[in-house]
Amino acid sequence: MRRWNPLSALAALATLALAAPARAVEIIGTLPGVDVRAVGWQANAPCLLSAGDLRWLGRSPLGGMLLEQRQTMESAGVDLAAGSRLSAVLDEGERLLLRERGGEQPVAQLAGVRALAVEGDLLVAVTADLLWRGRLDLADPNLTPVLGNLPASPTAICVTGGVWWTDTDSLRGVGLGDPPVPLGRLALSGAIRLAGGSGRLAACLGDDGLRAVDMADPFSPTVGPAWSPGLPVLDAAAWRDGLFVLACGDSGLAVADLSNTAAPLLVGRWRTVESARRLALQNDSLLVAEGPDGVSLHVLRQEAGAPRLDLLARHATRPRLLSIPWVGQNEDPSFWCLDQKQGYRRIFWWNRWPQEEEPRETAGIPLPLPVDGGDITHEWGTGEPLLFAGNHYGAGLRFYEETESGVQLRGIHPTDPVKLLAWGPDDLIAYVTPDAFVALKQANRSPWFLLHHGTINLQAEPLCAKWAGRHLLVGSADGRLFDIDATDLAHPVLAGVLQLSGPVEDLSASPWEENHVFAAAGALYALRRSGQTPFQLMDSLWMEGPVVRCSFTGYGLAATRDPHVVFDFSQSYWDSPLYSFDEQNLSAAPSALARCLSDGSGYHALLGLENGDLLRLAVVREIAVDPGPQRPDKLELVAAPNPFNPATRLSFTLATPVSCARLTVHDVAGRQVLLRELGALPAGRHLTGLQAEGWPSGLYVTSLEAGGRRETIKLLLVR
């Protein structure tokens, strides 16, 4: 590998840094990830309640669920009941708020509510000693008390053949006639949720399972013993003929037959959801609140006398973003992102004052199985994206095209399991399997099919892949960067391998100069290729934490893990050293990063975090330069990291310009292993990288001589 002395351009760099205004990264918008606490059906539309908002979902033409509307609430919601016109939300302050979709203010509210339930459009709610009812199909719900002097504070409630609720030690019921008729009462404690139908009632007991109640005679109900299916039971919904669907937390979903209350029977179990917390069943459509994983939509069927559950769609409220592969033009501030569980999502996010809008989803492409790798490209003339996706199940590459009539599936190409996918020039396609076989193909669009051009085995754990012209770069977990030359499609070859300091987790190729690439591999690396030679290391930029994401399109943006920071970086020209600007702390580790186009006042970028937050950043914002304190009259030579393997970063500060500077490294036997003539340098802080490839482990003495002064430090190389 060719070595390059990064201090050869420090004089020009320091002059530029002192003369130019500083830049900063600013968070200007956040779409926070939220946990789903409850779900419901309003006029056949799924709705969900999170800690801070109420959301309504719609179905996309391809079967996914899109966020159609979102209403922010002043306090966190804990429970939800929905009817044909109104939704009823119970918040942590025990306020019941009845809201109309699209309405900014509640149409009615009730204080001190402990629990609520709905059957059709009939709403019931209980306060400390009163039972209330109202209608959710009217603009005026007319909340009125129907029963007073309740003997104890209720803990759970449901509506089925009357109103049934539990308190600390009993189950009670009342018919909603005029006047209300008291129904039966029996001993029952520990219920956290109630669900009823088909003359049966399920009292959910959490880790203790459930108890089934026979309500054939509502004046003399009977309760069976506590029954555990071996799973926790957090919620239930009556389906048909004594069958109940159970939400079993991290164990998924189950169906139990409660026809015999003395001996319930588990007749079906599925692990198709991440964590089933709450349920809402409408006919055979089952909506499941999965807590931090969002909400999923299923259909229940009976086949040969046995229940069957099929997943139709999922909506992620804490997206697990793998990439943000494409962003719109200035006139179309939307972007596609790839979610591991949900598939492709397009989000419109206009955030330019004074026309700021809430982000909303405008399209979605659900994938049949969780996705591991995908990419997206678009025609510059039409702006129509072309999408790919693959996964480790070997379900094939899926090719989608977005036109004015919507997104359509054009074809499926069978493949081995796919971990990474990259779309290159001239419709070149590369996919990488989990065991590091790289398949190079080329797409024919009409009719759709793929031509195979070759396979290369890298024998390493692949982490990222990126095209740079006709060179495919693949980064691995052991820090190697593979350069595959596909200039001759008939004979693709492995042109070179670079060893970097950490796992190569992200790559970014310049759109204006295909021979210039950046790699996030512990440090931030600048790579360059001349002519037909392999890519070579030009410079490295070390930060306090490992650099794990990077994006470059005329300017650079990168992010680190531990600490979680996003920062701007640049080069004054291709062969100059990397340098960084102000940092912005993040609330969680970065997972996906993409740069948007300029809006006239600077650049915007999108950043996904591992906690499900999506950030919109303003980048390259000019600010006044603070000259800072007086520079100290010493060299202050520092190395980080130290110990190191195989590279470290040296920094030093000059109080005044010097006409000559020299850096030397000796081993413990006194042998000189490195000599760098740095030449004339201006005052200020200077950086340089030190590569120790081929050096044996041990202690090294590094000395800097500049302006008649000498500073010496010890370095420890550990293999």
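The values are calculated or read from the model by the stated rules, or taken from the named source; none is laboratory data. All figures in this text were calculated on a predicted structure; none of them were measured in a lab. Positions of Cβ are generated from backbone atoms using ideal geometry, with glycine treated the same way; all protein chains shown enter the neighbour counts.
Summary table below
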{"item": "R529, sole failed condition from (1) under 29 Å from the mean Cα position of the chain (by Cα); (2) in contact (Cβ under 8 Å) with a residue 60 or more places away in the chain", "result": "(1)"}
{"item": "Filter result for S75 (in contact with a Gly (Cβ under 8 Å, 6 or more places away or on another chain) and at pLDDT 90 or above)", "result": "no"}
{"item": "So R271, is it at pLDDT below 95, surrounded by fewer than 21 Cβ atoms within 10 Å (Cβ to Cβ) and within 23 Å of I157 (Cα to Cα)", "result": "no"}
{"item": "Condition check for Q442: surrounded by fewer than 23 Cβ atoms within 10 Å (Cβ to Cβ), in contact with a helix residue (DSSP H, G or I) (Cβ under 8 Å, 6 or more places away or on another chain) and farther than 22 Å from P546 by Cβ", "result": "yes"}
{"item": "R278 within 30 Å of D506 (Cβ to Cβ) and either within 22 Å of the chain's Cα centre (by Cα) or surrounded by 22 or more Cβ atoms within 10 Å (Cβ to Cβ) (or both)", "result": "no"}
{"item": "Hey, G33 at pLDDT 80 or above and outside any strand (DSSP E or B) or not", "result": "yes"}
{"item": "Test for L704: is it in a strand (DSSP E or B) and in contact with an Asp or Glu (Cβ under 9 Å, 6 or more places away or on another chain)", "result": "yes"}
{"item": "Selection within the range 107-130 - in a strand (DSSP E or B) and not hydrophobic (A, V, I, L, M, F, W, C)", "result": "Q109, E119"}
{"item": "Pair list, Cβ under 6 Å, 6 or more apart: the range 418-430 residue in contact (Cβ under 8 Å) with a residue 40 or more places away in the chain, other residue part of a helix (DSSP H, G or I)", "result": "none"}
{"item": "Residue, surrounded by the fewest Cβ atoms within 10 Å (Cβ to Cβ), within the range 445-489, restricted to residues that are touching a Pro at 6+ places or on another chain (Cβ under 7 Å) and among the small types (G, A, S)", "result": "A477"}
{"item": "Top-ranked residue of the range 91-106 - restricted to ones that are in a strand (DSSP E or B) and out of contact with any Pro (no Cβ under 6 Å at 6 or more places or on another chain), ranked as nearest to A45 (Cα to Cα)", "result": "E100"}
{"item": "Top-ranked residue in the range 432-475 [being assigned to a strand (DSSP E or B), of a type in the set (F, W, Y) and more than 16 Å from D506 (Cα to Cα); ranked as modelled with the lowest pLDDT]", "result": "F449"}
{"item": "Residue check, A262 in the same structural domain as S153 (by TED's automatic domain parsing), assigned to a loop (DSSP other than H, G, I, E, B), without any contact (Cβ under 8 Å) to a residue 24 or more places away in the chain and exposed (fewer than 15 other Cβ atoms within 10 Å of the Cβ)", "result": "no"}
{"item": "Any hit, the range 292-315, residues being in a loop (DSSP other than H, G, I, E, B) and more than 29 Å from W239 (Cβ to Cβ)", "result": "no"}
{"item": "Subset of the range 70-89 (residues that are crowded, with 16+ Cβ neighbours inside 10 Å and over 28 Å from the mean Cα position of the chain (by Cα))", "result": "A81, A82, G83, R85, L86, S87, A88"}
{"item": "Candidate set from the range 135-176 (those that are more than 21 Å from A187 (Cβ to Cβ) and in contact with a Ser or Thr (Cβ under 7 Å, 6 or more places away or on another chain)); member that is surrounded by the fewest Cβ atoms within 10 Å (Cβ to Cβ)", "result": "D137"}
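So that you can scan it fast, the table gives a plain yes or no per residue for (1) among the hydroxyl-bearing types (S, T, Y); (2) more than 24 Å from Q42 (Cα to Cα); (3) outside any loop (DSSP other than H, G, I, E, B):
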site	(1), (2), (3)
R185	no, yes, yes
D208	no, yes, no
R211	no, yes, yes
P218	no, yes, no
A237	no, no, yes
A256	no, yes, yes
V267	no, yes, yes
